[in-house]
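**Student:** Pasting in a structure now, in structure tokens, and then I'll have a few things to ask.
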Amino acid sequence: MKHVKTYHSKELDTENGPLVIEGPLTSEELSNYEFHPDLNAFRPGPKQFEAIKSIADFEEGRIIIARHENTIAGYVTYLHPDPLERWSEFQMEDLIELGAIEVIPDFRGARVGSHLLQVAMMDEFMENYIIISTEYYWHWDLKGTGLSIWNYRKVMEKMMAAGGLKPAPTDDPEIVSHPANCLMVRLGKHVPESSIEKFDELRFLNRHRQRK
């Protein structure tokens, strides 16, 4: 499968200044910008910047950023699921994962996350993918936002809906380990029925294995 990436952008006015939402960007293009130190939810800022640049160079990898002048203030990543996760079990070329989304505190409340997802979906080629996001409450910034688990889940669902992702059932042990966790899914318009059937088996892998 040839992974075609087409650049799109939009401007967003916020109380803390304008943002350019743009991508997908290459690692070379990302290197032209500063990476805000507050983007450290997953690892220290410099290491996270190196991580997203490496994703940008993956054949299927996509990085969409929110940029304030010359500084990256937010981003979202798309790539094939981690080889250690169940979602890579069938090595589906048309299954990609929204791996991470992060926005610095200064721009929270401006729906930057929703705009990042919207710009990502401007690329018509995204209709060729099943897009998933695995949401675990222990990854959420409950302390920084002051939200309860359930209010954070509502905000997260609303943001994901901006990119067309909706909750979907699964028997994945990590997801079913807590009722706030969930699998979010978007089925592209051009995904073949064979891939949808394979993905349905993937969602309920334990059930299918027990039957066999």
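**Student:** How many angstrom separate the Cα center of region 150-194 from the Cα center of region 33-87?
**Tutor:** Value for the Cα centre distance between the two parts: 21 Å.
**Student:** What are the residues whose amide H is under 5 Å from the amide H of Ala41, where those residues sit 5 or more places off or on another chain and H is modelled from the backbone?
**Tutor:** none
**Student:** Next question. Among all lysine pairs in region 8-210 that are eight or more places apart or on different chains, how many have alpha carbons less than 22 angstrom apart?
**Tutor:** Qualifying lysine pairs in region 8-210: 10.
**Student:** With +1 on the Cβ of every Lys and Arg and -1 on the Cβ of every Asp and Glu, and nothing else charged, how large is the dipole of region 1-115 about its Cα centre, in debye rounded to the nearest 20?
**Tutor:** 100
**Student:** What number comes out for accessible area per residue over the chain if the probe is 1.4 Å? Units Å², please.
**Tutor:** 51
**Student:** So for the chain, taking the charge dipole from beta-carbon charges (+1 Lys/Arg, -1 Asp/Glu), which of Met122, Ile65, Ser148 sits furthest toward the positive end?
**Tutor:** Ser148
**Student:** Determine the relative contact order of the chain: mean sequence separation of Cα pairs under 8 Å and six or more apart, normalised by residue count, in whole percent.
**Tutor:** With pairs under 8 Å counted, the relative contact order is 17 percent.
**Student:** Still on this structure: Please compute P(r) over all alpha-carbon pairs of the chain, binned at 10 Å starting from zero, and give each bin as a whole-number percent.
**Tutor:** P(r) for the chain, in whole percents per bin: 8, 35, 37, 17, 3, 0.
**Student:** Can you tell me the length gained on complete extension of the stretch Ala41 to Ser9, counting 0.36 nm per residue apart and subtracting the Cα distance?
**Tutor:** Stretched fully, the Ala41-Ser9 segment lengthens by 9.0 nm.
**Student:** I've got another one for you. With all protein chains present, how much of the accessible area of the chain (probe radius 1.4 Å) comes from carbon and sulfur, to the nearest whole percent?
**Tutor:** 49
**Student:** Per-residue counts of other Cβ atoms within 10 Å, averaged by peptide: what ranking do you get for 100-107, 10-17, 157-164, highest first?
**Tutor:** Averaged packing, sorted descending, gives the order 100-107, 157-164, 10-17.
**Student:** Moving on to the next point. So how much accessible area does Trp138 have, in Å² to the nearest 10, using a 1.4 Å probe?
**Tutor:** 120
**Student:** Also, I was wondering about something else. For every helix of n ≥ 4 consecutive DSSP H residues, a contribution of -39,500 (n - 2.57) applies; sum these over the chain, divide by its total residues, and give [θ] at 222 nm rounded to the nearest 500 deg cm²/dmol.
**Tutor:** -8000 deg cm²/dmol
The values are calculated or read from the model by the stated rules, or taken from the named source; none is laboratory data. For clarity, every value in this text was computed on a predicted model and none was experimentally measured. Neighbour counts are summed over all protein chains in view; Cβ atoms, including those assigned to glycine, are modelled from backbone coordinates with ideal geometry. Ligands, DNA and RNA are excluded from the accessible area calculation, which covers all protein heavy atoms including side chains. Shrake-Rupley method; radii C 1.70, N 1.55, O 1.52, S 1.80 Å.
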